[in-house]
Each structure stands twice: as C-alpha cells, then as structure tokens.
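Have a look at this one before I ask anything.
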Amino acid sequence: MSKYGKEILLGAAPVVVVFLYFLGVNIIPVVFMAAILGAFFFMNRARNGMSASSDRRAKAKAPSFMTFEDIGGQDRAKRELKEALDFLIRYEDIKRLGIRPLKGILLTGPPGTGKTLMAKAAAHYTNSVFMAASGSEFVEMYVGVGASRIRDLFKEAKARAVKEKKDSAIIFIDEIDVIGGKRDGGQHREYDQTLNQLLTEMDGIHTSESPRVLIMAATNRKEMLDSALLRPGRFDRHIDVDLPDKKARLHILNIHAKGRPLSEEIDLDAIAKETFQFSGAQLESVMNEAAIYAMREEASVIGQLHLSLAVDKVMLGEKTDRESTKEERERVALHELGHAIVAERVRPGSVSQVSLSPRGKALGFVRHNPQADQYLYTKQQIEEQIMIALGGSVAEEMFYGGRSTGSRNDFEQALQMVRTMMDSGLTRLGIIDRNMVTKQELMKENTAILEEVTNATRSLLERHRRVFEQSLDILIAEEVLSGEQFRELLVRLEQPQIA
Ligand code: ATP
C-alpha cells in the first residue's frame, strides 16, 4: 500500500480541492500554496538529478588503474610528460625557487595514439584525482552554460581531491579544439565565453593553492587553437603523441595480448611489421578482432590467421557478402593482379596477400608488407608507389580497353602522391610555392607525371600478359593468395620471359 502512497495522495488532492469548492470554501489560497510547493518540489528534484548526473559523469570518468607501463611505445612522450609532472610532485622546491607553477600540458597527435591513457597514467604517477571531459560536452546552444560547466568541473575536481585526501587533481579535456578554437570574432559567443572561463580558471591556479590543479588537454589540430591558450602560463608544455613505429607497435600488441590465449606459432613481430601507420587503438582492435575470429571458429587459441584476418578487417572493414557476377569477379581479379604484379616488380617481396573477398567498400585488395617503416621517400620511390596504385586501372585497360569505377580510390592515392612530389620540389616545376604558379601549370605537370607513370606501368604489365592470363583462374578459384603463393606463381609463369 505504501508503495502507491504518493500516487494516491496526488490523485486525492484535486478531489479534496473540488469538494471544498462545491462546499463554498475559498480555495484560491490552497491552490496558490499547492503551486508554490509543487514548483519547489520540482526544482529540488531537478537539482538532485543534475548533481546525480555529474556524480555519474565523475564516476564514469574515474580512471581505471593505468600506469605508464601500460602504454606501449611513446617513450619520448612519456619521458617528457614525466619530467613535466615532476613539477607537480616537487612543489616544495618549486615554491622555494619561485618557479611559476605548470598549469597546462597539451598532448597533440592523431586519434587513438594513447593521449587519454597518458593523462590517466599522469594522474596515477602524481597520485592525483582524475577528472575528464570532452570539449564537445561544453558546447551548448545557450550562452553561459559551457562557461558554468567549466567552473563546475574545476570546483568538482578540487572537492574530490579534498574528499579523497589527495594533494592534486588532474583535469583532462579531450578535443580541446572544440572550445579552444581561434577567436576570430565571427565565432559563436558561447564558444568565446567557454574559452574565456577556461582561461580565467587557469589564471586562478597558484603554487600555494591546495589541492593543486593541473590541466591536460588533447587535440589533433593544434594549429586551430587560439594563441591565448598556448601562451606561457597556460598550455605551455606541448607533447607530441605520434603514431607508433614498429618497435612500439610490437610493444602495444604485446600489452594487448596479455591475458589472451595465443597459439605457440604466433608471430607478433610480423603483425607489427604489417601494421605500418596503425594507431594504438587500431592495434588493440586487431587483437580484439582476432579473438572474435577465434571464437567464431570455436578455436581454443588465437592463431596467426585470425590475426591476419583481423588486420584486414581493421584496415578495410568487415567482409561483405556482396554477390558479384562472373564478369565483375574477373575484372576485379585482373585489377588486383595488376597492383600485385607491379608491386612485386618494383619492390620484390612486398606483397603479403592478394584477395578477392570483398571487405568494406573494396571488392578485392592487395595487402602490402612494408619492409621497414619509412618516413622519407625519394622521387623514384614515389613514382613506383604511383605505379602500384595505377596497376589496377592499367590492367583493366589492357584487357577490356577501358577502366571502371573501381579505380577511384587508386586515383585519389596517385593524385595525393603527385601533390607530395610537387610540394617537395620533386617535379619539373622545381621548388614552388603554390601561390606562385597557376592552376594550369600545376595541371599540366600533374597530367604529364601521371601520363609518364601510366606508360611505364603499361609497358611493365604488357611484359607480364602471360602471368595475367594464367593466374586469373587460379586467383578466382583460390580467392586468396598469400604473398608466397603469389611469388611462386609469378616465378613459375614467368620462366620464358624476363621482366
Ligand atoms: P582520441 O584522440 O581519439 O581521443 P586518444 O589518443 O586519446 O584518442 P586513447 O583513448 O588514449 O587515444 O586510446 C584508445 C585505446 O587505444 C586505449 O584504450 C588503448 O586500448 C589503445 N591504445 C592507444 N594507444 C596505446 C598505447 N600506446 N599503448 C597501449 N594501448 C594503446
């Protein structure tokens, strides 16, 4: 009965009021009082709801125990960050020497490289309370709401530090560019107010203050940030958190392999090699997807094949069961053979898989296996790269007399590489500033380069016509050829002709 007490009371109240009215009692004061009580009740409830939700947010953002050892690679970034954090730990020395407190550390780098992990590890390293928020959480339609959220965040961080008896708090703001973008006068006033509030809170941080507050922020668009944020005394420590190199990738894979049953034959080094330009988040995803493939097959351990499929999935997307016609499959096979033959010729041993199984938007693909991480390219290397990209469309032209829409992505890559050549002074235009040359000049050089490379690709592939003709059926039947299988085929079919 008590369970429905509130409902019964709410239902009975109007009945009593109407009854009194019919008895001729003046009910206006009663209704007036009820309205005031009602408003008070609802305001109170809303406030409780809000603080419960901010409590929830704080809880949801509470760090899962994270140390610098749990972060793969990023040795330089970790070292720089630890050095900066020592400012927070050695505050007695800082006070004695009159050093201005470190207020803000900005982590910059591509998505998924471990910036949030770094902030969490920083909180653990300095034994601080950790509060996190994302720039987009402060964006509201109503002017002033974002600013008051910033105020609340700082208040909450200090209150939590006091409650948990800690000397310091780290506030982490992800996507700082959302609120910290350049103020050019044309922006929404709400953004300005939020940013101003953040600057005010930062200016209010003093060495003597307890608990001490350090703000860490992350962005992958540092150039977008307002200079007021970056000036000394604000976010004046900038730490780059880059994509991992091969050694770091192996480290990250090993971290995420912990606690997962791996087969004896697993070669994580090979996976680290194949995952050039993968972020930490993508590598975590590779391990996770490999485990899912193992589960699908009801395998007791994760094998090399599961990992290899997982790399494809993270790179290109899930396998799709698009039914294609025989003609379409043939065209896709010739297209992929075109890429693969050029790749093996210009970079022997570089093909790690030729596949006809559709993944994501691709109907087929060739997976390349970089010999080593490379960050610097010569003119010849870029041209070879363009040849590999154009190999598919040139093969289609050779066998069908024309191209298809399947080369769109390849052309985008080729054009991007031509742009890189131009900006690096590797073309006949010499060292240029794009504003100093006309569009026509750029277009002319672009066309000339692509024409030359296309011709070179065509003459290379023409010499391998026999390989195309004889390996087409094999690829269609097998659907997937490993790098080794493809190389064996190439050698066998090529015997009478020398490339
Ligand atoms: P974003 O810029 O998109 O917010 P981020 O740089 O903050 O990304 P994190 O959120 O720190 O990236 O990383 C996402 C996930 O990727 C982590 O939870 C972790 O599983 C994995 N990860 C990323 N980098 C590393 C790393 N260096 N070592 C181990 N795991 C990593």
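The values are calculated or read from the model by the stated rules, or taken from the named source; none is laboratory data. These figures come from a predicted structure and were not determined experimentally. For neighbour counting, all protein chains shown are included, and Cβ atoms are generated from backbone atoms with ideal geometry for every residue, glycine included. Note: areas computed on protein heavy atoms with side chains; ligands, DNA, RNA excluded. Shrake-Rupley method; radii C 1.70, N 1.55, O 1.52, S 1.80 Å.
Provide a single number: the residues in the range 224-249 that are of a type in the set (D, E, K, R) and either on the phi > 0 side of the Ramachandran plot or within 16 Å of the ligand (Cβ to nearest atom) (or both).
6
I've got another one for you. I'm trying to understand the selection: among the residues of the range 110-131, which are among the hydrophobic types (A, V, I, L, M, F, W, C) and within 10 Å of the ligand (Cβ to nearest atom)?
Matches in the range 110-131: Leu117, Met118, Ala119, Ala121.
Only one of Lys95, Lys155, Lys78, Lys166 is part of a helix (DSSP H, G or I), among the basic types (Lys, Arg) and surrounded by 14 or more Cβ atoms within 10 Å (Cβ to Cβ). Can you tell me which?
Only one candidate passes the filter, namely Lys78.
If you don't mind, there's one more thing I want to ask. Identify, please: which residue in the range 158-190 is at pLDDT below 70 and in contact with a Phe, Trp or Tyr (Cβ under 9 Å, 6 or more places away or on another chain) and is, among those, farthest from Ile105 (Cα to Cα)?
Glu190
Can I ask one more? Restricting attention to the range 202-223, report how many residues are over 21 Å from Lys166 (Cβ atoms) and either assigned by TED's automatic domain parsing to the domain that holds Ile266 or within 11 Å of the ligand (Cβ to nearest atom) (or both).
4
Select from the range 134-147 the residues that are away from the ligand (no atom under 12 Å from the Cβ) and in contact (Cβ under 8 Å) with a residue 24 or more places away in the chain and list them in ascending order.
If the condition is that a residue be away from the ligand (no atom under 12 Å from the Cβ) and in contact (Cβ under 8 Å) with a residue 24 or more places away in the chain, then Phe138, Val139, Glu140, Met141, Tyr142, Val143, Gly144, Val145, Gly146, Ala147 are the ones that fit.
Among Leu107, Leu85, which is the only one that is at pLDDT 85 or above, in contact with a helix residue (DSSP H, G or I) (Cβ under 6 Å, 6 or more places away or on another chain) and more than 16 Å from the ligand (Cβ to nearest atom)?
Leu85
So, restricting to helices (runs of 4 or more DSSP H) that lie completely within the range 399-484, which ones have at least 1 residues that are under 34 Å from the mean Cα position of the chain (by Cα), surrounded by fewer than 13 Cβ atoms within 10 Å (Cβ to Cβ) and not aliphatic (A, V, I, L, M)?
Counting at least 1 such residues, we get 408-423, 439-462.
Then there is this: Of everything in the range 250-291, what is more than 13 Å from the ligand (Cβ to nearest atom), open to solvent by 60 Å² or more (accessible area, probe 1.4 Å) and part of a helix (DSSP H, G or I)? Give them in sequence order.
Asp269, Lys273
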